[in-house]
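Step one of this worksheet: look at the structure below.
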Amino acid sequence: MLTKDLIGLIADAAGMKKKDVEHLLSTTNAIIRENLMAGKSIQLQGLGTLDVKARKARTIVHPRTGERNVIPQKNQLVFKPVANMKDELKKI
Amino acid sequence: MADNKLSWTELRRALASRAGVSEKAANVFLAAFNSQLTAALKSDKQVKVNGLGTFKLQAVAPRKSVNVTTGEQITIEGYNKIAFVPEAGVRELVEKGVKSERVKELKNEGETVDPLKKLGAQAEEIVGLLGELGQDVKQTPKKKAKKKPKAVKPVVEEPKVEEPVPVVAPEPEPIVEPEPEPVVVPKPVEEKPKKKYHFMRDTLICVVVLLMLLLAGYFFLRSQLSGWINELVNPTEQVQNTEYIIPSDKVAEEPSAVNIQPAEPATEEWSFDEILLTEQIAEGSRLAWIAKKHYGNKAYWPYIYAANKDHLTNPSVIPVGTPIRVPKLNAAMRDTTDIRFQQLKEEALEAMK
């Protein structure tokens with residue numbers, strides 16, 4: 001399903017215009033992105049948590065040439081669903 | 001912790017103020033968003049949200065397992081798993097743009113981990129020493145092997161017995177068979193009387209030989225130990241003598257490159273601009289160890305010195321905590337027979353004095 005379809009569904013469920021929903025959704029995503037950039041985790045009630053996890057730098061060795069390289073420390077975006085939703089979707 | 005989490009209410013307030021709607025409307029929208037997303041996941045198994053990422057429902061196939069206590073075969077039923085793949089842009093933002101306390105915390109943790117790393121480096125060193133010991137052990141069996149031929153000598157004498165036999169008697173075949181018997185018989189005859197008279201003398205000889213072997217072993221080990229100590233004090237002298245295990249591919253490549261075109265290494269420039277990483281000197285660490293850790297060979301330590309010349313005066317005396325830049329080596333720099341490398345090494349050794 002694409003964003004367009006989701007917007008239609010939300011508009012029906014919330015009784016709003018599609019245009020308003022689109023605007024709200026884009027601002028929500030912008031807020032989420034800004035907070036993720038600041039390293040904050042975002043709680044989406046009834047859905048889950050978007051979390052930023054730090055991965056440490058590590059040295060890798062090329063198995064054939066023996067060349068050593070460093071994968072720098074980075075952050076990864078992780079989604080952890082709420083237990084309720086997880087169970088609900090386990091079996092359909 | 002509160003600083004690190006954007007709660008539901010905070011998100012709602014931020015949305016209301018940013019989009020210019022009431023908090024109530026924002027709440028209605030967010031609730032609808034969450035419920036519809038879940039519903040859409042159920043029906044479509046995949047929902048794309050522009051500016052955020054894609055939520056997917058992944059099927060995990062049923063698999064067989066064994067009950068650990070009873071040993072019974074059981075099947076773990078298949079289920080669906082929620083996966084989230086962030087948009088490429090969002091992923092990059094998260095990877096690079098974070099300057100929060102949590103990341104700082106992690107860096108602090110990294111510092112506390114350093115002693116562990118040092119232990120790891122020490123473990124490597126010990127493994128290396130054990131490897132050298134292993135070589136020593138291999139050398140001692142050679143001495144034993146030299147003794148063995150002496151014991152074989154009586155067997156060599158046997159064919160001598162054979163030679164006169166065919167000369168005397170023209171019937172060779174039946175005589176060859178009894179040969180091993182006469183050899184075995186004389187031995188017990190000689191040994192029995194000796195055991196009675198010279199038991200004390202034999203044990204004395206054994207003890208003396210053992211003592212001599214022990215002494216020889218002790219001196220051998222001591223010379224080895226002093227070698228290691230020298231190596232630890234100034235690693236460079238040893239580096240010249242010892243051969244390190246370099247992946248077989250390289251060993252094959254390097255000589256061929258030298259044979260075909262001696263001018264080739266000169267064309268490839270050295271550069272210390274590309275930095276692999278920066279490491280802080282830990283207590284008890286040294287450049288050779290860092291070289292071994294990152295290049296797999298401590299012979300390359302002069303490059304690390306060269307890259308840090310501006311703030312290092314003596315490569316063997318570096319204060320703890322000094323940041324050390326580890327440059328990336330290119331193919332030309334890996335050739336230790338290069339004149340430039342020799343010059344660099346001499347220069348580094350000069351600085352040590």
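Structure notes:
- Inter-chain neighbour count for B:203-216: the average number of beta-carbon atoms from partner chains within 10 Å of each residue's beta-carbon is 0.
- Averaging 1/r across all pairs of distinct Cα atoms in segment B:22-71 and inverting the result yields a Kirkwood radius of 14.0 Å.
- Whether segment A:41-92 is rounded, prolate or oblate, judged on the alpha carbon gyration tensor where a/c under 1.5 counts as rounded: oblate
- Centroid-to-centroid, using Cα positions, segment A:75-92 and segment B:199-234 are 67 Å apart.
- Working note: Karplus 6.51/-1.76/1.60 with θ = phi - 60° gives segment B:22-30 the couplings 6, 5, 4, 4, 4, 5, 4, 4, 5 Hz, where Gly and Pro are set to x.
- Annotation: Cα Rg of chain A relative to the compact-globule expectation 2.2 N^0.38 Å equals 1.58.
- The label-point distance for B:A331 and B:K64, in a model that sets each label 7 Å from Cα toward Cβ, rounds to 5.1 nm.
- Rounded if a/c under 1.5, otherwise prolate or oblate - segment B:283-328, Cα gyration tensor axes: oblate
- Helix-only mean residue ellipticity at 222 nm for chain A, each DSSP H run of n ≥ 4 adding -39500 (n - 2.57), per residue, nearest 500: -14000 deg cm²/dmol
- Mean-position separation - Cα centroids, segment B:277-300 and segment B:12-49, in angstrom: 52
- Here is the result for segment B:1-91: no trypsin sites (Lys or Arg not before Pro) lie in DSSP coil with at most 13 other C-beta atoms within 10 angstrom of their C-beta.
- Neighbours of B:L30, meaning other residues whose beta-carbon lies under 15 angstrom from its beta-carbon, give a summed charge of 0 when Lys and Arg score +1 and Asp and Glu score -1.
- This ranking places B:T69, A:T3, A:T65 by how few other beta-carbon atoms lie within 10 Å of each, fewest first, which gives B:T69, A:T65, A:T3.
- The mean count of C-beta atoms from other chains within 10 Å of the C-beta of residues in B:320-332, rounded to a whole number, is 1.
- Rounded FRET efficiency, nearest 0.05, which uses the C-beta distance separating B:L225 from B:H311 and R0 of 25 Å: 0.15
- FRET efficiency, B:V85 to A:E34 (Cβ-Cβ, R0 22 Å, nearest 0.05): 0.60
- Two-site label geometry, A:A83 and B:L215: point separation in nm, points 7 Å out along Cα→Cβ: 7.6
- Spacing of the modelled spin labels on B:R13 and B:V207, each 7 Å from Cα toward Cβ, amounts to 9.2 nm.
- Of A:K19/B:K5; A:K4/A:K53; B:K309/B:K353, those spanning more than 25 Å from alpha-carbon to alpha-carbon: A:K19/B:K5; A:K4/A:K53
- Taking the charge dipole of segment A:41-92 about its Cα centre, with +1 at Lys and Arg Cβ atoms and -1 at Asp and Glu Cβ atoms, the residue from A:I42, A:H62, A:L89 reaching farthest to the positive side is A:H62.
Every read-out reported here was derived from the displayed coordinates using simple, explicitly stated rules and does not represent laboratory data. None of the values given here were measured: they were computed from a predicted structure. No Cβ is skipped: glycine too gets one built from the backbone with ideal geometry, and neighbour counts run over all protein chains shown.
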